[in-house]
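Asker: This structure is in structure tokens; I'll ask about it shortly.
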């Protein structure tokens, strides 16, 4: 980090890589589910990524699994993660990728709401309330835009909104586990991948056993992109960056993910971006910006946007809880 507070060019490019990968992830899911059953695809994705993340942690000399309460909380995180990906892959298969990514990234709004009730010291302020109102008006606009060139279904949109809710609950749970049990973020990611994979594969075998597979080059490439680029490389790059640079600076890049996802849906899949989707995206991004702002202290200064490396506890804010969940603690 330079003395001026600006990120080096290499870090900026790496963050652009991460946000682009996260935005394109929903497009990759959409492509993969054209030739593979959605739930089975999610299970394969998490199993493959779990192997890569485990290899990375092992090469760094860290413990893969724990023999205390952290293990059982890891099992719990994996269960919630499985439900999250069940909704994500089914929802993406039933609606446009552009609509899916916009609805998915309403997650920080549900984090702000759940944190208000579940985490100490993180209460809704009037400014956050305005932000939530704007963002949920944006969600309404997205729902109004079904039809008119969009293949989005009500079921798919509702599943994507459910994904955002479950993701928010998983984030708050992970935040609590990181705080109470010093669970390293890399291990939390590993637990979620490893323990969700068999649940998803089992559900896929039971519910999708009769579905046909069509493993074209684009389908296999899309699955490989999700496993290697998104679930493994982008998050491990994120972890490395968050150890070296202020999370408050890096978190600003997260707002780029929804518009990049919409752009990817238009460029790769030829999806139609109508006025309602554009309006909804603008309202949601504006609301997220307000929700993630920090209230000034009594001395007029503003609280830091994220805790230091070893401080995972509240207060936690809507957008910054994404950073707080992933911030590194001591390796467990």
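Asker: Can you find a residue that is without any contact (Cβ under 8 Å) to a residue 24 or more places away in the chain and in a helix (DSSP H, G or I) anywhere in segment 87-99?
Answerer: no
Asker: Could I ask something else about it? When segment 203-227 is examined, which residues are found to be without any contact (Cβ under 8 Å) to a residue 60 or more places away in the chain, farther than 21 Å from residue 25 by Cβ and in a helix (DSSP H, G or I)?
Answerer: Correct list: 206 only.
Asker: Okay, moving on. Condition first: at pLDDT below 90 and more than 30 Å from residue 10 (Cα to Cα). Can you find one or more residues in segment 197-210 that meet it?
Answerer: Checked against the condition, which is being at pLDDT below 90 and more than 30 Å from residue 10 (Cα to Cα), segment 197-210 yields at least one hit.
Asker: What number of residues in segment 71-129 are out of contact with any helix residue (DSSP H, G or I) (no Cβ under 6 Å at 6 or more places or on another chain), modelled with pLDDT of 80 or more and closer than 24 Å to residue 181 by Cβ?
Answerer: Residues flagged as out of contact with any helix residue (DSSP H, G or I) (no Cβ under 6 Å at 6 or more places or on another chain), modelled with pLDDT of 80 or more and closer than 24 Å to residue 181 by Cβ within segment 71-129 amount to 4.
Asker: In contact with a helix residue (DSSP H, G or I) (Cβ under 9 Å, 6 or more places away or on another chain), assigned to a helix (DSSP H, G or I) and crowded, with 17+ Cβ neighbours inside 10 Å, is that true of residue 268?
Answerer: Answer is no for this residue.
Asker: Moving to a separate point now. Looking at segment 203-236, which of its residues are over 17 Å from residue 33 (Cβ atoms) and either surrounded by 14 or more Cβ atoms within 10 Å (Cβ to Cβ) or in contact with a helix residue (DSSP H, G or I) (Cβ under 8 Å, 6 or more places away or on another chain) (or both)? Before the answer, list the steps.
Answerer: First, pick out the residues of segment 203-236 that are over 17 Å from residue 33 (Cβ atoms): 206, 228-229, 232-236.
Matches in segment 203-236: 228, 229, 232, 233, 234, 235, 236.
Asker: Residue under question is residue 110, and the condition is that it be touching a residue at least 12 places away in the same chain (Cβ under 8 Å), closer than 16 Å to residue 164 by Cα and surrounded by fewer than 24 Cβ atoms within 10 Å (Cβ to Cβ); does it hold?
Answerer: yes
The values are calculated or read from the model by the stated rules, or taken from the named source; none is laboratory data. Keep in mind the model is a prediction, meaning the values are calculated, not measured. Heads up, the Cβs are rebuilt from the backbone with ideal geometry, glycines too, and the neighbour counts pull from every protein chain shown.
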